[in-house]
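Asks: Dropping the structure in here first, questions after.
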Amino acid sequence: MTGMITVWADHDLGVINPNIYGSFAEHLGRCVYGGLWVGPESQVPNDEGLRTAAVEALRAMRLPILRWPGGCFADDYHWEWGVGAERRSRRNLWWTQPETNEFGTNEFLRLCAAVGCEPYLCVNVGSGTVEEAVNWMEYCNSAQDSRYANLRRTHGHREPYGVRYWGVGNENWGCGGSMTGQQYAYECRKYATFMRKLGVDVEGGVKLVAAGHGNDDAWDAEMFRYLHGSFHNLDAVSIHRYSFAGSWEHKAETLDPTAEHFYRLMGDVVGMEERVRRARALVEYYSPPGHPLELFMDEWGTWYRDTEEGLFQQAPLKDGLFAAAALNMFNRHSPVLAMTSTAQTANVLQALLLTRGSETVLTPTYHAYEMMKGHQGATLLASRASSSNLADSDGREYEALSLSASRSEDGQTLTLSVVNLSCEQDCATEIMLRGVDAIQGATARILTAESTATANDFEDGERVKPQAVPVAAGLPSFAHTFPAHSLTVIEIAL
Ligand code: AHR
């Protein structure tokens, strides 16, 4: 197969919000307990309870934002359960595992500080109150002499944390209360009014995020309609989108390592983009004058099966390529699409990290994020890739080459991330750089393996990891072959 890539380096399309490269951690399975948090008494190397290897890995991939505590868990979580010296065990309604509350607000905020990312808290709308939500904001952010700010101080945290990102509920159409779009909109209007007021405690204000649906247009349309008039109190609307490479009922089949399933999974980037487009149209239409709303997708990723092990699943190479193609697509929807997070950070669904006892393994999804981190905060450039058309068994058609290109903030580096979505064929490609006067050199790294089903596990170690490959970048164009089922990131020094 042959291909052609053109990048117009003098055609800027806006800044790629770093938060597109976010993650989501819920009290589900071993994401938090046993994954990110092992406790200070553990034999596993830790920093006051935080798994050292996880902190280091998330720092190295430059994780920009982490959403917590759910997910479905958020709408039955009462934050006061998880602060102070007395932490009693409580229920975990949705995921039925014991909840010790050892890991609460201060532990989460310490994790974010250690990783160097923004915290994004999701308040309880389904079974909580507005009062509980604003008390949480006061606890985290207030510098006043007031009850919850003082409670934080008695817990050893003198200075306010300045938490900026606050989600108003989670999937309130489902586990968050089975609400109609109208019902949720009424709740959200109320929460946002009070939360906006407390937002002044943070310099620059807080970002309040309404919880949309993403897979039900009628529900979303109703929510937007009844939120109308209160969007000045909100900053973003989030949607969710999971990929089964088929239907919810038949998702187990997607474990199948055949080419057909690979193409269906990759075809779902097309499906996701359609959801992004629809939600984006609503967000843009309903933005009040002078207050452009942002679109978030704060849960997405592959979902292969429901297991008794708390949604643990392997994340093979195909997940890494799916993540890379999705990130390319997300980059292209910047800056309206301002935040996304894969579900979830460790040991759950499309995880970045897998842990077993004291071992930690980086998944191909992790490597895709790490390899593409150069796009964070960079300027998206106009680009086009043409090669062969692929199609999945659902009739979705897409280009074999998925691409995005950006120029770093300091103007010194041009980053090209290219996924060859063909399972079988390499793609000999001519890369044309327009609007570039001179280049100082280039490096490239590739993520691939013999099969799209190859994974990193505890027995065989990291079989899928980035490798440096030679690239002969030149002007005005140069040739490069992208192997079948691979992600290549080329960084050109300007
Ligand atoms: O990520 C797992 C679950 O998927 C989340 O708790 C929920 O929000 C979604 O349905």
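Asks: In the chain, which Cys residues have no partner Cys with a Cβ closer than 4.7 Å?
Replies: 31, 112, 117, 122, 140, 188, 423, 427
Asks: Taking the Cβ of residue 285 as the center, what net charge do the other residues with Cβ under 15 Å away carry, scoring Lys and Arg +1 and Asp and Glu -1?
Replies: -1
Asks: Moving on to the next point. Sort 348, 206, 200 so that the residue with the fewest other Cβ atoms within 10 Å of its own Cβ comes first and the one with the most comes last.
Replies: Fewest-to-most Cβ neighbours within 10 Å comes out as 200, 206, 348.
Asks: Between residue 484 and residue 409, how high is the FRET efficiency from 1/(1 + (r/R0)^6) when r is the Cβ-Cβ distance and R₀ = 45 Å? Nearest 0.05.
Replies: Working from the Cβ atoms, E equals 0.85.
Asks: Which loop-located GluC sites (Glu not before Pro) does segment 1-69 contain, where loop means any DSSP state but H, G, I, E or B and the Cβ has at most 15 other Cβ atoms within 10 Å?
Replies: Loop-located and lightly packed - 41, 48.
Asks: For segment 402-494, report the convex hull volume of the alpha-carbon atoms normalised per residue, in Å³, without decimals.
Replies: Taking only Cα atoms, segment 402-494 has a hull volume of 104 Å³ per residue.
Asks: Right, next: List nothing, just return the count: lysine pairs in the chain, 8 or more apart or interchain, with Cα separation under 23 Å.
Replies: So the count of such lysine pairs works out to 6.
Asks: Net charge near residue 380: determine it from the other residues with C-beta under 9 Å of the C-beta of residue 380, scoring Lys and Arg +1 and Asp and Glu -1.
Replies: +1
Asks: Expected output is a single nm value to one decimal: the length gained when fully extending between residue 460 and residue 215, i.e. 0.36 nm times separation in residues minus the C-alpha distance. What is it?
Replies: 84.4 nm
Asks: Quick check on packing: order 389-400, 330-341 by the mean number of other C-beta atoms within 10 Å, highest mean leading.
Replies: Descending mean neighbour count gives 330-341, 389-400.
Asks: Still on this structure, I have one more. Report the extension gain between residue 393 and residue 132 in nm, rounded to one decimal, defined as 0.36 nm multiplied by the number of residues separating them, less their alpha carbon distance.
Replies: 89.2 nm
Asks: Calculate, in nm to one decimal, what residue 59 and residue 424 gain on full extension: separation in residues at 0.36 nm each, minus their alpha carbon distance.
Replies: Working it through step by step, the gained length comes to 128.0 nm.
Asks: How about segment 1-94: which chymotrypsin sites (Phe, Trp or Tyr not before Pro) there are in a DSSP loop, with at most 13 other Cβ atoms within 10 Å of their Cβ?
Replies: Of the chymotrypsin sites (Phe, Trp or Tyr not before Pro), not one in the loops of segment 1-94 has a Cβ with at most 13 other Cβ atoms within 10 Å.
Asks: Using θ = phi - 60° and the Karplus form 6.51 cos²θ - 1.76 cosθ + 1.60, what ³J(HN,Hα) does each residue of segment 200-209 get, whole Hz, x for Gly and Pro?
Replies: Rounded to whole hertz, the list is 5, 5, 9, 4, x, x, 9, 10, 9, 10.
Asks: Segment 284-380: which GluC sites (Glu not before Pro) are DSSP loop and have at most 16 other beta-carbon atoms within 10 angstrom?
Replies: Those that pass, being in a loop and sparsely packed, are 308, 309.
Asks: For the chain, give me the percentage of DSSP beta bridges that are antiparallel, rounded to the nearest 5 percent.
Replies: Once the DSSP bridges in the chain are tallied, antiparallel ones form about 55 percent.
Asks: What number do you get for segment 17-376 when its Cα radius of gyration is normalised by 2.2 N^0.38 Å, N = residues?
Replies: 0.93
Asks: Only helices at least 18 Å long along their own axis, judged from Cα atoms, and with Kyte-Doolittle mean hydropathy of -0.5 or greater: name those in the chain from DSSP H.
Replies: Taking the DSSP H segments of the chain (at least 18 Å long, mean hydropathy at least -0.5), we get 259-286, 317-332.
Every read-out reported here was derived from the displayed coordinates using simple, explicitly stated rules and does not represent laboratory data. Since this is a predicted model, take the numbers as computed values, not measurements. All Cβ positions, glycine included, derive from the backbone under ideal geometry; neighbour counts span all protein chains shown.
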